[in-house]
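Presented below is the structure to which this report refers.
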Amino acid sequence: MNDRPDRGELLEAVRRFLADEAVPALGGHLGYQARVAANVLAIVAREIEFEAVDLDSEWRGLAALFDLHGEPPTDAAEVRSEIQAWNDALGERIRAGDADAGP
């Protein structure tokens with residue numbers, strides 16, 4: 001299935017409208033707010049674009065820190081859940097002083 005436009009394209013279309021049409025038409029404080037909104041959309045689009053790579057990198061880094069082997073789950077929600085659990089466990093180790101000597 002080809003879902004076009006995708007979420008990145010939708011964000012870019014709204015960002016361009018804000019930057020190219022709304023900001024010049026509004027001017028002043030509202031123009032500034034529209035420019036801020038356009039910049040927020042650009043940030044969100046970049047986060048979406050790189051999310052899979054970032055999740056994979058964080059998952060692998062934490063797995064190595066805990067000396068775990070294997071591949072990350074294919075489901076992004078499951079990857080996020082494991083990352084959260086490992087970050088919580090790492091925080092506990094740090095608070096307990098178990099991470100003071102390094103990896």
Unmet criterion (only one of (1) touching a residue at least 12 places away in the same chain (Cβ under 8 Å); (2) out of contact with any Phe, Trp or Tyr (no Cβ under 8 Å at 6 or more places or on another chain); (3) not acidic (Asp, Glu); (4) not in a helix (DSSP H, G or I)) for His69: (1)
Filter result for Arg46 (outside any helix (DSSP H, G or I) and either more than 30 Å from Ala99 (Cβ to Cβ) or in contact (Cβ under 8 Å) with a residue 40 or more places away in the chain (or both)): no
Residue identified as without any contact (Cβ under 8 Å) to a residue 60 or more places away in the chain, over 30 Å from Ala99 (Cα atoms), of a type outside the set (Phe, Trp, Tyr) and not in a loop (DSSP other than H, G, I, E, B) among Leu18, Leu55: Leu18
Residues located in the range 30-63, provided they are at pLDDT below 95 and of a type in the set (Gly, Ala, Ser): Ala45, Ala52
Only listed residue being over 18 Å from the mean Cα position of the chain (by Cα) and surrounded by 10 or more Cβ atoms within 10 Å (Cβ to Cβ), chosen from Leu41, Leu65, Leu55: Leu65
Whichever residue in the range 1-26 is more than 20 Å from Phe50 (Cα to Cα) and not hydrophobic (A, V, I, L, M, F, W, C) and, among such residues, is surrounded by the fewest Cβ atoms within 10 Å (Cβ to Cβ): Asn2
Qualifying positions in the range 89-103 - exposed (fewer than 11 other Cβ atoms within 10 Å of the Cβ) and touching a helix residue (DSSP H, G or I) at 6+ places or on another chain (Cβ under 7 Å): Pro103
Qualifying residue in the range 79-88 (condition: in a helix (DSSP H, G or I), free of Cβ contacts under 8 Å to residues at least 24 places away in the same chain and surrounded by 13 or more Cβ atoms within 10 Å (Cβ to Cβ)): yes
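The values are calculated or read from the model by the stated rules, or taken from the named source; none is laboratory data. Nothing here was measured: the structure is a model prediction, and the numbers come from that model. Using ideal geometry, Cβ is built from the backbone for each residue, glycine included, and neighbour counts are taken over all protein chains shown.
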